[in-house]
1. Hey, in the GNM for the chain with a 10 angstrom Cα cutoff, which one of 185, 360, 156 fluctuates hardest?
2. Angle, helix 38-50 long axis vs. longest principal axis of the chain, Cα atoms, 0 to 90°, nearest 10?
3. If each DSSP helix of 4+ residues adds -39,500 (n - 2.57) and the sum is divided by the residues in the chain, what number results at 222 nm, nearest 500 deg cm²/dmol?
4. Have a look at the stretch 228-356 and give its Rg and Dmax from the Cα atoms, expressed in angstrom.
5. Enter the Cα centre distance for the pair the stretch 105-127 and the stretch 324-374, rounded to the nearest angstrom.
6. Would you kindly give the portion of the calculated P(r) for the stretch 163-222 that falls above 14 Å, as a percent of all Cα pairs?
7. Could you check what % of the DSSP bridge pairs in the chain are antiparallel, to the nearest 5?
8. Return the Rg/Rh ratio of the stretch 309-364 with Cα-based radii and a Kirkwood Rh.
Amino acid sequence: MYGLSEEDLAIQARARDFADELIPFEEQAEDCGGDLPADVTAGHAKRARELGLHSTNMPAELGGGGCTTLQQVLVQEQMGRVTNALGWVAATPPSWLPAVATADQIERYVRPAISGDREECYAITEEAAGSDVDAIEATAQRDGDAYLLNGVKWHVTSYNTADFAFFQARLRGGPNDGEHAMFLVDLPSPGVRVVRTPAYTHTISHHHPIVAFTDVRVPVANLVGAEGDGMAFAYEWFRFERLMVAARCLGAADRLTAEMTAFAATRRAGGGPISDHGLVAGMLADALTELFAARAMAYETARGIDRGTDTKVSHGQCSMAKLYCSEMAGRVADRAVQVFGGRGYMRENVAERFYRELRVERIWEGTSEIQRMIIAGQMVKRGPSALA
Ligand SMILES: Cc1cc2nc3c(=O)[nH]c(=O)nc-3n(C[C@H](O)[C@H](O)[C@H](O)COP(=O)(O)OP(=O)(O)OC[C@H]3O[C@@H](n4cnc5c(N)ncnc54)[C@H](O)[C@@H]3O)c2cc1C
């Protein structure tokens, strides 16, 4: 099905088997605030690398998987079948970075990220700048052979495990005054401190703290690309990550659909299995029907990127995939809770965990509303038939 090649099927099967290895650790992670013992997590990360599931999006010549976009989707889909972010060990470092990184940055950041020795986090969002990234107030001011960075960043995912941060700021002074720029900040660095670590809806080991950067001095060598390039990188990252969000949502919906079907076929009420009741059967049918449509859309978007589809068209299609797959997975999780009845409200149940965890997929990497604005904007500019 889906016209997958032998190689596609092979990496998909490896990822599926690995996800099945991770699933038994979900309840322990849920009970322990997301934190498995360090040696267990290290073992999972090592296994992801051995299986070729880490850095699938990075160039082979730098040690990455060099996989097609479709294969990246297939891997992330399987990782999405696992709750509590245990699948994040199959990490995807910033795929836009090698093309713009200096030789020194390749050695200090790109290669270690690919080998799993260093991990990144993104410090872009601020208290008054989320959907509207252009509204950021963080500043970068040239000072001799360095820049001074200042700003307070929100929701910095994985700050607690990261070795370096991408920090986006507005240039103050100089020829590019007011434009955006992106910097690499080693962690820890003097002047970088956690303001607080709020609790979030999901139970995962990766925190999302508010982080203050106060007169953080980074060498000019840590500027990514050129002054003024900051927003272009953010858009490139959004495009990639939106498709990967879509992929993980497919995996979540796949797992939920399988589990709710198995339950409905065996749970008896009113004289027979609950799947015999039309209202329950309808929830099963709607879940799989939507999953089929979502998967076809995400795979076709990935194939388009592999075929070299125009970037602006891919941008719109990635928004459609993210929008539809995240909303579809939310609906599937809601139905799954309902099918499981009281059990679906227990933390030990996969439907309960996904019901909470999937909510953020409609918020991060651009909310559903922002995706709709992007899609409609492209429709008006290029015509609907350019996108679909
Ligand atoms: C768990 C989590 C992890 C995150 N990780 C990171 C991270 O690692 N790094 C990082 O930089 N950021 C991160 N974020 C931030 C995330 O990208 C933002 O929360 C998201 O982009 C929305 O921004 P906001 O929260 O400021 O909401 P706002 O922008 O304030 O939006 C509020 C509401 O208004 C709507 N809205 C806003 N503008 C428009 C518009 N133009 N048209 C229609 N509706 C609009 C939104 O859709 C939303 O419903 C994370 C967020 C969460 C929750």
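The numbers here are math on the coordinates, done by the rules we state, and not lab data. Just so we're clear, the structure is a prediction, and the values are computed from it rather than from any experiment. Virtual Cβ from ideal backbone geometry, glycine too; neighbours counted across all protein chains shown.
1. Ranking 185, 360, 156 by mean-square fluctuation puts 360 first.
2. The two axes meet at around 90 degrees.
3. Value at 222 nm, helices only: -15000 deg cm²/dmol.
4. Values for the stretch 228-356 (Cα only, Rg and Dmax): 17.7, 68 Å.
5. Cα centres, the stretch 105-127 to the stretch 324-374: 29 Å.
6. 65 percent
7. Bridges in the chain are about 80 percent antiparallel.
8. 1.18
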